[in-house]
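The next block holds one structure in the form of structure tokens; read it before the comments.
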Amino acid sequence: MAAKFTFRQFQAKYPDDDSCLQAVLDLRYPGRDSCPQCGVIGKLTRIEGRRAFACKEGCHIYPCAGTVFEHSSTKLTTWFHAMYLFTSTRNGVSAKELQRQLGVTYKCAWRMGHQLRELMAAQDQTTNSGPMGGNGGHVEMDEAYIGGRIRKFKGYGKGEYLKNKSTVFGMLERGGVLRSKVVESDRHEVLTPVIQANVAKGATVSTDRSRSYLRLKKLGYKHGRVNHDKNEWARGIYSTNAIEGFWSHLKRGIKSTHASVSKKHIQKYVDEFVFRYNNREAPEAMFERLISAV
């Protein structure tokens, strides 16, 4: 079971703006005992009234330069509190909740939320950039439909069911990482390039019986399918239970926290849930990874 990173621990570690700024400096210039500009040996001195440090030779170092903090007048402690909230919850944080917790305006909370989601996506893509399913790995694939007013398939044609919905495609390596992408449709000509770009040839792949996956064996994958129409949820080693569990969590999280999200921003929310899923075993490390992404 993952060790918890409690709010009390968070407050003790980052009690003020000075400690937050020091954390950003340490992450940007790890293990340094010299000035990153001129190289002079010695401890950097905090400059009062600025988010900056100075070395013995007078060089000024601005750790927040080039980060989301650079042009923000919001206190670093407020930013760090927002990052803690994003990494300590399972279902995400709405802009209204950020507004209440941080004591900022709704506009500020909304902007901070989207910037943090973009950081989560950037960090996750950097950390998990290699091919999935290499060395005999097993990858589950599935698609989900999010948004729109019609929630049940029964009684509607597929075109009507998908109207106003976003199609999200996911790939989950067993014992490994999850990747998910908003795509134009669930047709094979859309999904196949995504699969080839992310999954190593020769990998074992589990899917449902969608026609979009019929060509996977010809493309060099060890492909097995399960028939959900006949209540078949596993066939030997082949199943899509893990990826479908993530879809269930994603949909419940969006519905309970945000009520609904627009097509314009759906990828950001998907990236947020993927980041938390891939880092769920280490809450404190998840927080540190988000800081390092700035």
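Points to keep in mind about this one:
- Among beta bridges from DSSP that stay inside the chain, the antiparallel ones total about 75%.
- Within region 30-64, backbone nitrogen closer than 16 Å to the virtual label 7 Å beyond the Cα of HIS71 toward Cβ: 64
- Nearest 10 degrees, 0 to 90: helix 266-278 Cα axis against the chain principal axis: 80 degrees
- Integer Hz, Karplus 6.51/-1.76/1.60 couplings in order for region 27-42, x for Gly and Pro: 6, 7, 10, x, x, 8, 10, 8, 5, x, 9, 9, x, 5, 6, x
- Rounded to whole Hz, the Karplus (6.51, -1.76, 1.60) HN-Hα couplings of region 172-188, x for glycine and proline: 10, 8, 5, x, x, 9, 10, 10, 8, 9, 6, 10, 5, 7, 9, 6, 5
- Between 0 and 90 degrees, the angle of helix 241-253 with respect to the longest Cα principal axis of the chain falls at about 60 degrees.
- Most to least packed among 259-265, 98-104 [average Cβ atoms within 10 Å]: 98-104, 259-265
- Helical content of the chain, expressed as a calculated mean residue ellipticity at 222 nm, amounts to -11500 deg cm²/dmol (DSSP H runs of 4 or more residues, -39,500 (n - 2.57) each, divided by residue number, nearest 500).
- In this structure, the amide hydrogen of VAL205, modeled 1.01 Å from its nitrogen in the peptide plane, lies closer than 5 angstrom to those of VAL139, LYS222, HIS223, GLY224, counting only residues at least 5 positions away or on a different chain.
- Cα-based helix-to-principal-axis angle, 76-88 vs the chain, degrees rounded to 10: 30 degrees
- Listed values (i) 18.5; (ii) 16.3; (iii) 14.6 include one computed from this model; for mean projected area of the Cα convex hull in nm² that value carries the label (i).
FYI, it's all coordinate maths here, none of it is from the lab. The structure displayed is predicted, hence computed values, not measured ones. Please note: Cβ atoms are built from the backbone with ideal geometry, for glycine as well, and neighbour counts cover all protein chains shown.
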